Amino acid sequence: MTAKDRPNTSPNPWSAPIIVAQIPEAGLHRDIEADSAVRSALASVAGLRGVEAAHASFDLTPGRNDSVHVRGTVTARVGQVCVVSLDPIENEVIEEIDALFVPESQVPALADSIDDNDEEAGHEMPDPPEPIVNGTIDLGRLATDALLLGLDPYPRKPDVVFEPPSIVDDPEDHPFAALKALKNGPDSPKGKRRKPD
């Protein structure tokens, strides 16, 4: 998952803030695990039957001008509902994270710089940086966004195929059926019986 792919999730059920000033020059590795309360909240936010497990692993590397490069992987096992059979199913989510965080004051200038350079180069625009808010990076929010992004929007059981309901053609159901009914009605010439003389 790149920064531009991240959905904006609110509220944030999974929080694991890291103070940027405490990240050593050699970098920092962090593993976070969602407890039962967080998993329940994640399921509610994501509209899932449940979240059986959710884990994230991150590597944070300090860069120039107080920036931090964050790489990681989020893995989860979630309960969903098959869109075809409506049976409960479980799916695995594995989502990669690659994001650059900078102090909030630097975000607008860096985003403009990326736009200008990309227009001149004529190639795909790189991701804009993410803000470091109040000197911290919330790895939990990053993991939540990745989890939501990695969900299958149309989950289905293996080997389940959608079959539209079969419709038997009604011989009376055609464009001229109404005309035929009117023509053969009791008030029509054919529908009236001739009175005997």
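Given the options Leu86, Leu179, Leu142, name the one that is among the aliphatic types (A, V, I, L, M), within 28 Å of the chain's Cα centre (by Cα) and either modelled with pLDDT of 95 or more or outside any loop (DSSP other than H, G, I, E, B) (or both).
On the way: Leu86 fails: either modelled with pLDDT of 95 or more or outside any loop (DSSP other than H, G, I, E, B) (or both); Leu179 fails: within 28 Å of the chain's Cα centre (by Cα).
Selected residue: Leu142, the only one of Leu86, Leu179, Leu142 that is among the aliphatic types (A, V, I, L, M), within 28 Å of the chain's Cα centre (by Cα) and either modelled with pLDDT of 95 or more or outside any loop (DSSP other than H, G, I, E, B) (or both).
Filtering region 51-65 to residues that are over 15 Å from Ala41 (Cα atoms) and either surrounded by 14 or more Cβ atoms within 10 Å (Cβ to Cβ) or in contact (Cβ under 8 Å) with a residue 24 or more places away in the chain (or both) leaves Ala56, Ser57, Phe58, Asp59, Leu60, Thr61, Pro62, Gly63, Asn65.
Conditions: (1) on the phi < 0 side of the Ramachandran plot; (2) in contact (Cβ under 8 Å) with a residue 60 or more places away in the chain. Arg71 meets all but one. Number of the miss? Just one mismatch for Arg71, condition (2).
Report yes if Arg39 is assigned to a helix (DSSP H, G or I), surrounded by 13 or more Cβ atoms within 10 Å (Cβ to Cβ), touching a residue at least 12 places away in the same chain (Cβ under 8 Å) and of a type in the set (D, E, K, R), otherwise no. Against the criterion (assigned to a helix (DSSP H, G or I), surrounded by 13 or more Cβ atoms within 10 Å (Cβ to Cβ), touching a residue at least 12 places away in the same chain (Cβ under 8 Å) and of a type in the set (D, E, K, R)), Arg39 qualifies.
The values are calculated or read from the model by the stated rules, or taken from the named source; none is laboratory data. All values derive from a computational prediction rather than experimental measurement. Don't worry about glycine lacking a Cβ; one is built from the backbone with ideal geometry, like all the others, and counts go over all protein chains shown.
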